[in-house]
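Only one structure is covered here, and it is reproduced in the block below.
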Amino acid sequence: MFASTTKRSSKTLMAPRVGTHVKRRLSRRDWTELPGVVTASILSRLGDIESLTVAEMVCKTWREICKDPMLWRTIDFMSNHTEFMFGPPLRYDIVKMCRRAIHRSSGSFVYVNVDYFCNNELLKYITNSSAGFIRHLSLFNCGIITDEVLCEAALRLPVLEELDISMCKFSSKALQVVGRCCPLLKSFKFNTPNGRKSSRQYYSDEDAVAISGTMHGLLLLEIRRNDLTCNGLETILDCCPQLEILDLRKCKNLRYMSTDLEIRCVERIKKLWLRGPIDPSSISDLNLVGKPCY
C-alpha cells in the first residue's frame, strides 16, 4: 500500500510540461501567411527609414507591400528620427531616401514632413511629383529654400491646409503668394529665430499685412519673434475671423499693447500666447489635419 501511494505521488510530481509543443509550433509560424491587409497595417506603423532599409529586406512579401503606394500617403522622416538621422555617424542619404518614398507613393501622398533637410531641388521634386493632394507640408528650419522655389511650389498646392515654414528666410511677398495659391490654408507657422529684421524699419507689419490680406480662413497662426506692431495684430484679427489659436510670444513690439486690444485678444482667441517667454513644455504642436490613418 505504501508503494502504491509513493508511485501515485511520483506521477503527480513528474507531470508532463504543458505548452511545450505549442511554443514550438509558434516559433515556426510563417508570418508571410498573414493577410496582406494585416501586414500592411503593421508595416504602416514603422517609420519611413525602417520601411526603406529594414522591412523590405525581410522577405519578398514584405518588399511588395512596402512598394504599395497606399503605404506612402504619409511622408514623414522626422517622426522620432531626428537623433537617429543627424547624430554621428550619418548613416543614410536622407534626401535620396525621401525621393524614393515619394516615387513609391505614385503622387498620392497628402502629408509631408521634411524638416531640416529639404532643399530647393527636393521641394521641386515633391510638388512636381504630387497629384495635387498635399494637405500638410512642414519645412521647419529649411533656410536654404528660396522665395522663388516656394512660390513655384505654392502653385501646385491648391488644397494645402497646414504649412510650417518656421526658421526660414522667406519674404512677405512670398507669404502673399502662398496665401493666394493656398486658399484652404487653416494652419500657418512662421516663427523666426530673432525677429525678421526688416530692411526698412525696426517696426514692420509686412508679414501681418501679407497674412491678413490672403489667409482669411486661418484657425491657427504662430508668428513668434515677429516684428509686427499692434496695428498689424489688429489687422490680423479683423481679416481672420475664424482664428482660434494665436501664438505671439517674443514679439517685442507688442510690449506696449493697449488694454482694449489685449481684452479683444483674450475674448476672441481660444488659445492665446502673448509676449511672454517661450516655455518648451507649452509649445503648440497642433496639426489640424493630422496624419492619415490606414
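Rounded to the nearest whole Å², what accessible area per residue is found for region 70-273 with the 1.4 Å probe? Write out the running numbers ahead of the final one.
Numbers: 9300 Å² over 204 residues.
Each residue of region 70-273 exposes 46 Å² on average to a 1.4 Å probe.
From the protein chains alone at 1.4 Å, what is the descending order of accessible area for F190, F117, largest first? The partial results should precede the final answer.
On the way: F190 0, F117 20 Å².
Solvent-accessible surface, decreasing: F117, F190.
Compute, for C181, the solvent-accessible surface of its heavy atoms (probe 1.4 Å) with the complete set of protein chains present, and express it in square angstrom to the nearest 10.
Spelled out: C181, probe radius 1.4 Å, area about 30 Å².
Using only protein heavy atoms and a 1.4 Å probe, report how much of H216 is accessible, in Å² to the nearest 10.
H216 exposes around 90 Å² with every protein chain in place.
Obtain the nm distance between the two label points defined at L261 and N119 by a simple spin-label model: each point lies 7 Å from its Cα along the Cα-to-C-beta direction.
Here the answer is 4.2 nm between the modelled labels.
Could you work out the Rg to Rh ratio of region 70-273, with Rh taken as the Kirkwood radius (inverse of the mean 1/r over all Cα pairs)?
Working: Rg = 17.7 Å, Rh = 17.7 Å.
For region 70-273, the value is 1.00.
Just to be sure I follow: if Rg is taken over the C-alpha atoms of region 134-237 and Rh is the Kirkwood radius over the same atoms, what is Rg/Rh? Working shown, then result.
On the way: Rg = 12.6 Å, Rh = 13.5 Å.
Taking Rg over the Kirkwood Rh, I get 0.93.
Probe radius 1.4 Å, ligands and nucleic acids left out: which of K252, K270 has the largest accessible area, and how do the rest follow? Before the final figure, lay out each step's value.
On the way: K252 65, K270 160 Å².
The ordering from most to least exposed comes out as K270, K252.
With unit charges on the beta carbons (Lys and Arg positive, Asp and Glu negative) and the dipole taken about the Cα centre of region 70-273, which residue among V149, C182, H103 sits farthest to the positive side?
H103
Using r as the Cβ-Cβ distance of D147 and K271, and R0 as 41 Å, what FRET efficiency do you calculate, to the nearest 0.05?
Working: r = 30 Å, r/R0 = 0.74.
That pair, D147 with K271, gives E of 0.85.
Please compare each pair in K169/K250; K169/K271; K189/K271; K169/K252; K96/K189; K189/K250 to a cut-off of 22 Å on the Cα-Cα distance and tell me which ones are over it. The partial results should precede the final answer.
Details: K169/K250 18 Å; K169/K271 27 Å; K189/K271 15 Å; K169/K252 19 Å; K96/K189 27 Å; K189/K250 14 Å.
From K169/K250; K169/K271; K189/K271; K169/K252; K96/K189; K189/K250, over 22 Å: K169/K271; K96/K189.
Ranked from the most accessible area to the least, with a 1.4 Å probe and all protein chains present, what is the order of R225, R180? Mind showing how you got there, number by number?
Details: R225 60, R180 155 Å².
Listed by decreasing accessible area, they come as R180, R225.
Whole-Hz ³J(HN,Hα) for each residue in region 148-164, computed from phi via Karplus 6.51 cos²θ - 1.76 cosθ + 1.60 with θ = phi - 60°, x for glycine and proline: what do you get?
So the J values, rounded to whole Hz, are 4, 5, 4, 5, 4, 5, 4, 5, 9, 10, x, 10, 4, 10, 10, 9, 10.
The values are calculated or read from the model by the stated rules, or taken from the named source; none is laboratory data. This structure is a prediction, so every number in the text was calculated from the model and none was measured. So basically every Cβ, Gly included, is an ideal-geometry build from the backbone, and we count neighbours across all protein chains shown. To get the accessible areas, we keep the full protein, side chains included, count just its heavy atoms, and leave off ligands, DNA and RNA. Shrake-Rupley method; radii C 1.70, N 1.55, O 1.52, S 1.80 Å.
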